[in-house]
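The values are calculated or read from the model by the stated rules, or taken from the named source; none is laboratory data. Keep in mind that what you see is a predicted model, and the values were worked out from it rather than measured. Here the Cβ positions follow ideal geometry from the backbone for every residue, glycine too, while neighbour counts run over all protein chains shown.
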Amino acid sequence: MQLLHPTKRALLQTVVDMLDTNQPDQINSDQVLENSGVSKGSLYHHYNDFPDLMESALVYRFGKYVDVSVQALSQVIKNAKTKEQLIEGIKQVTRDTQSSKMKETRFNRVRILAIAANNERMSKKLGVEQERLTQALADLFRESVERGFGDPAFDPRTIGVLVQAYTMGKVVDDITSVHMDEEKWVYLIDRILETVLFTK
């Protein structure tokens, strides 16, 4: 968002903030213009139409959740002096991302995917963002391999997809009335780290 024109950024940030407390269909252009202090002419100068702005805000929200994990994992890899330190750091990130406290975040990402499934323009935007996120995670695994920590037998892109898949997949448990034991879930992920991706 930092590379955007200030007015375009203000519009986008306004919608992103409004989405914290509203569903997309509860937000209209008049509310956004009032909250942002931007004129209608400027909105249509920077975006094709109001749905274009809304789609851009949803795509941004979709990516920002993963960006937090990417930044945390990047710090873990940067600071780890041994494979054991790396694994312990990743385990902590796992506990943060898999927590039941992140349930609404997971639901939000699924909702955004559902909206994009029926919207070709948004699907293209989301596809670009998804590729960026997958590449970021793939690069982190590649870096861990270069440092002698990760198993070079695994394709970094595949690992990038796997990490996102098990996080998004937890929605399957989030939605049920009888939940699995959260510690058993993170234990399974820990074992995959220790015995498959970063074998000791």
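Annotations
- Those residues of the range 166-187 which are surrounded by fewer than 11 Cβ atoms within 10 Å (Cβ to Cβ), of a type in the set (A, V, I, L, M, F, W, C) and assigned to a helix (DSSP H, G or I), in sequence order: 172
- Members of the range 21-56 that are among the aromatic types (Phe, Trp, Tyr), under 24 Å from the mean Cα position of the chain (by Cα) and either surrounded by fewer than 19 Cβ atoms within 10 Å (Cβ to Cβ) or in a loop (DSSP other than H, G, I, E, B) (or both): 47
- Hey, residue 89 in a loop (DSSP other than H, G, I, E, B), of a type outside the set (A, V, I, L, M, F, W, C) and either closer than 29 Å to residue 194 by Cβ or at pLDDT 95 or above (or both) or not: no
- The residues listed here are 141, 62, 107; of these, the one that is touching a Pro at 6+ places or on another chain (Cβ under 8 Å) and assigned to a helix (DSSP H, G or I) is 141.
- The set of residues from the range 6-27 being more than 22 Å from residue 126 (Cβ to Cβ) and either of a type outside the set (Ser, Thr, Tyr) or assigned by TED's automatic domain parsing to the domain that holds residue 108 (or both) comprises 6, 10.
- No other residue among 143, 129, 183, 120 is in contact with a Gly (Cβ under 7 Å, 6 or more places away or on another chain) and of a type outside the set (S, T, N, Q) apart from 129.
- Single unsatisfied condition, residue 186 versus (1) over 21 Å from residue 138 (Cβ atoms); (2) free of Cβ contacts under 8 Å to residues at least 60 places away in the same chain; (3) in contact with a helix residue (DSSP H, G or I) (Cβ under 8 Å, 6 or more places away or on another chain): (2)
- Filter result for the condition that a residue is at negative phi and within 17 Å of the chain's Cα centre (by Cα), over 147, 121, 142, 109: 109
- Filtered residues of the range 71-91 (kept if under 21 Å from the mean Cα position of the chain (by Cα), of a type outside the set (Val, Ile, Thr) and surrounded by 13 or more Cβ atoms within 10 Å (Cβ to Cβ)): 72, 73, 74, 89, 91
- Residue match in the range 148-156 (condition: assigned by TED's automatic domain parsing to the domain that holds residue 88, in a helix (DSSP H, G or I) and modelled with pLDDT of 95 or more): yes
- Count of residues meeting criterion [over 27 Å from residue 79 (Cβ atoms) and assigned to a helix (DSSP H, G or I)] in the range 110-138: 20
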